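Trainee: Sharing a structure, written as structure tokens. Questions coming.
The values are calculated or read from the model by the stated rules, or taken from the named source; none is laboratory data. The structure displayed is predicted, hence computed values, not measured ones. Cβ placement follows ideal geometry from the backbone for every residue including glycine, while neighbour counts extend to all protein chains displayed. Areas reflect the complete protein model, heavy atoms only, side chains present, ligands, DNA and RNA absent. Shrake-Rupley method; radii C 1.70, N 1.55, O 1.52, S 1.80 Å.
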Amino acid sequence: MRNIKFIAVFILILTTFWLSAQTVVANKMIRIEFQTLEKNSNDILIGSVIEVLSNGERIGIIHGDFDGLCVVNVCSKKIIDDKITINAYGMKCKSFTNEYTVNSDSKIDVYLEYGESKYQTLNDRRLILHELKVPICDIEIQSLNENGNDTYYRHCDGRIKKKNEIPSNEIYEWDKLENHKSDKSFSK
């Protein structure tokens, strides 16, 4: 009888450890790689723009490269119920919307169809970004270089810094604060 209780407790402990090993670590960065392809020909579509949403809220926007790859890193806590929705815009392609389940690093093929689109050349990408209310990096960087060093910017994580305190390779992650007084009440 004593051995049976010992074996039962041992099995219970092993089961508990096995179940806890199966749980997903919360608040980790998830890498999602999108490959944009034309639906009928499987041609790689360069320069696509993909907006990533979860529960109707934008959690990322990606610009494709010349290999048709769009990569985004998203904090897992921003993905509600393991579901994302993408809005994809490819050159000379119809816009595309679809929902996916994502709970770990993923690679997703996105098939777009050639059709009527405002996005005809790489230069038209600015139109799509403007419609999505996304700052265009080269315009933002140019305006940063024209502003004085007393101008404040806010990072997406809430930090506030002066222009000259922001590394140039991170400048696209910062938004200019309008009508901001340069007082010492803001943390750096």
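Trainee: Report ³J(HN,Hα) in whole Hz for each residue of the stretch 103-115, in order, from the Karplus equation J = 6.51 cos²θ - 1.76 cosθ + 1.60 where θ = phi - 60°; Gly and Pro get x.
Mentor: 9, 7, 3, 9, 10, 10, 7, 10, 9, 9, 10, 4, x
Trainee: How much length is gained if the chain between Lys161 and Ser104 is pulled fully straight, taking 0.36 nm per residue apart and subtracting their Cα-Cα distance, in nm to one decimal?
Mentor: 17.2 nm
Trainee: Sticking with this one: Taking all protein chains together and a probe of 1.4 Å, list Val134, Val9 from the most accessible to the least accessible.
Mentor: Reading off the accessible areas and sorting them downward yields Val9, Val134.
Trainee: For a quick check: with amide H placed at 1.01 Å from N, whose amide H comes under 5 Å from Val71's, ignoring anything fewer than 5 positions away on the same chain?
Mentor: Here the answer is Phe34, since their amide H atoms fall under 5 Å of that of Val71.
Trainee: Going by average Cβ neighbours within 10 Å, how do the peptides 61-69, 39-47 rank, with the highest at the top? Walk me through the intermediate numbers first.
Mentor: On the way: 61-69: 16.2, 39-47: 13.9.
The densest-packed peptide leads the list: 61-69, 39-47.
Trainee: Next question, about the same structure. Can you pick out the pairs among Lys133/Lys162; Lys92/Lys133; Lys28/Lys176 whose Cα atoms lie more than 26 Å from each other?
Mentor: Pairs exceeding the cut-off: Lys28/Lys176.
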